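The values are calculated or read from the model by the stated rules, or taken from the named source; none is laboratory data. Only a predicted model underlies this, so the values are computations on that prediction, with no experimental measurement involved. Glycine also receives a Cβ, built like all others from the backbone with ideal geometry; neighbour counts cover every protein chain displayed.
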Amino acid sequence: MKNLGDIITCHSESQPQKWAIKFRESQYSFLELENLANNLAYVLSEKYSIEKGCRVVIISEKSPELIASAIAIWKLGAIYVPVDFNNGINRLKYILDDIKPRLIISSKKYLTEFQLVIHRIPTMSYHDISLLSKEKSEKFQTDFDQKDIASIYYTSGSTGRPKGVCLNHQSMIDYFNAENELLKMNNDSTSINFGPFHFDVSVQDTFIPLYFGAGVCMYDGLLIPEIIMDIIKKNEVSHLICVSSVLSLITPEDDGFDFLRTSKVKCCMTGGEVCNPNLINLWLQNIPGLELYNGYGPTECNSLCMAYHIKTPQTGRKGPYPIGKPFSGCKAELIDSDRNIIVKSDVIGTLAIGGRQLMTGYWNLPEETKNAFLWIDNECYYITGDLARRDRTGNYIFEGRKDKEVKILGRRINLNEIRNSLLNLANVEYAFVDVFEINGKKKIYAYLYGANLDDTLDAQSIKHFLRKELPIYMIPEELCLGKHLPKTSTNKVYEKGIKELLMNQVFPSLS
């Protein structure tokens, strides 16, 4: 396969009637999905002048037509740009201004909801796409380089503004093959899509399975174990790919595992955030022979770039499991504050990733792209910003973040972006944003300071303002307003003092 436009072409020929996608009441075979993608590619080319290098934004409410759209975009050599339908209107406007799409695809609901910022950009709805023929098509073919950009995923950047991570066809295909050395998916496999499509985990649970001829059950309902177990049973699901928090939510009670022991489930890839070892042990204890991996990787390296195979439960384990060793075609190094390579075991440093899965760079951010990379022995490495150490067996252990970036429910969130939005409020002179943890769940909180804060400014009005700026999951759950700002002896803001203030006065149970 030369590019992602042919991601299911061979399967549409070798197993045309096998189902590829199921979603609610809809079902597409590999042949139907390929036909729809071909016919859509012709429409995009002829009606909307989509060609190589054009960006097509998908406001990514789940739908089988989203999958067909991504494949059609890739067939044209254009660039698939999924964005979150939970985005605040100002955040979406920033992305649209940055990416300058030729077309926007989504449901009628979100095309209407965001009409104010979509403005004059052409649009196409999922409904319009569903009316195209799935019965037959002429194969759409175009020539372009494997190093051309295939996808752009917007992440919460360290500068406090979204950054577009550019991934080319070759890096994504290399990633598919590398991860599948562990997953071992084939045309007898079935996966569940839990991940939202603006989130790179959707590549793991949807596009990788399709690439290897597996079926994908798309799911967007409540994560209730009984419902998920029913889906697993009805569809003979073999692979579970999900962030650790999702794995926790779908974990059944003891009797639920009775079914899983005799089900087709044979492999689970989790990670994306620190996973409680007791959760992993529970799955391994209850499903003999389960292949379970704890994975790690930033979007800049195609979602996952290393994993640790957990073969047996370790009931006495006190700390998290390692994140393992790099995938085939990937490399990892630890660097110190002077960017020197750390060669000793069990020394904490910043994790740098090299190899075939690396991003091309950040969209329209040449300086940030330059600063993100480091050359080691004539090979390019991405500096992740994550702290890790390497044990004596060569496995890496995650040790946290060195900046203001956190992961909550698998979503990468930079707290600076929330802070910057809060500073847009009238009379707010300083904003401090952090996370606290209750019963193992991370929640965002913020402290706002201003000598002349308006008495009418309250938590409800602030959240209403932020909803225009940010996705729902980035809105702080606790907001505190104050006219006192702790300072150091040099008159600098003392953020540790703010945190202590909050812990003592607002969240005394945590202090």
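Does THR206 count as at pLDDT below 90 and either touching a Ser or Thr at 6+ places or on another chain (Cβ under 8 Å) or more than 30 Å from ILE413 (Cβ to Cβ) (or both)? Judged against the criteria, THR206 is not a match.
Here is a yes/no grid of residues against (1) surrounded by fewer than 19 Cβ atoms within 10 Å (Cβ to Cβ); (2) under 16 Å from TYR211 (Cα atoms); (3) at pLDDT 95 or above:
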residue: LEU167; (1), (2), (3): no, no, yes
residue: ILE173; (1), (2), (3): no, yes, yes
residue: ASN187; (1), (2), (3): yes, yes, yes
residue: PHE199; (1), (2), (3): no, no, no
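Can you tell me how many residues within region 316-342 are within 16 Å of GLU399 (Cβ to Cβ) and assigned to a strand (DSSP E or B)? The total comes to 5.
Scanning region 90-98 turns up no residue that is of a type outside the set (Gly, Ala, Ser) and farther than 30 Å from ASN371 by Cα. A residue that is at pLDDT below 85 and either in a strand (DSSP E or B) or crowded, with 16+ Cβ neighbours inside 10 Å (or both) can be found somewhere in region 392-400.
Suppose the filter is touching a Phe, Trp or Tyr at 6+ places or on another chain (Cβ under 9 Å), of a type outside the set (Phe, Trp, Tyr) and exposed (fewer than 13 other Cβ atoms within 10 Å of the Cβ); does ILE438 pass it? Yes. Scanning region 291-319 for residues that are acidic (Asp, Glu) and within 12 Å of the chain's Cα centre (by Cα) returns a single hit, GLU300. Considering (1) more than 27 Å from the chain's Cα centre (by Cα); (2) within 18 Å of ARG102 (Cβ to Cβ), the lone condition that CYS54 does not fulfil carries the number (1). Selection within region 1-36: residues that are small (Gly, Ala, Ser) and in contact (Cβ under 8 Å) with a residue 60 or more places away in the chain. The member of this set that is farthest from ALA72 (Cα to Cα) is SER14.
It is to be established whether one or more residues within region 222-232 are outside the structural domain of ILE59 (by TED's automatic domain parsing), under 20 Å from MET172 (Cβ atoms) and not in a helix (DSSP H, G or I). Looking for residues that are outside the structural domain of ILE59 (by TED's automatic domain parsing), under 20 Å from MET172 (Cβ atoms) and not in a helix (DSSP H, G or I), one finds none in region 222-232, hence no.
Kindly indicate whether ASP255 is acidic (Asp, Glu), more than 22 Å from PHE23 (Cα to Cα) and assigned to a helix (DSSP H, G or I). Lay out the reasoning, then the answer.
On the way: acidic (Asp, Glu): yes; more than 22 Å from PHE23 (Cα to Cα): yes; assigned to a helix (DSSP H, G or I): yes.
So ASP255 fits the description; yes.
Of the helices (runs of 4 or more DSSP H) that lie entirely inside region 1-93, those containing 2 or more residues that are surrounded by fewer than 18 Cβ atoms within 10 Å (Cβ to Cβ) and either at pLDDT 95 or above or assigned by TED's automatic domain parsing to the domain that holds ILE104 (or both) span 9-14, 30-48. Scan region 99-120 for residues that are buried (at least 21 other Cβ atoms within 10 Å of the Cβ) and among the β-branched types (Val, Ile, Thr) and the total you get is 3.
Let's see how each residue does on (1) assigned by TED's automatic domain parsing to the domain that holds ARG356; (2) buried (at least 16 other Cβ atoms within 10 Å of the Cβ); (3) at pLDDT 95 or above; (4) closer than 16 Å to ILE231 by Cα:
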residue	(1), (2), (3), (4)
ILE250	no, yes, no, yes
ASP255	no, no, no, no
PHE259	no, no, no, yes
GLU273	no, yes, no, no
ASN278	no, no, no, no
ASN281	no, yes, no, no
GLN285	no, no, no, no
GLY295	no, yes, yes, no
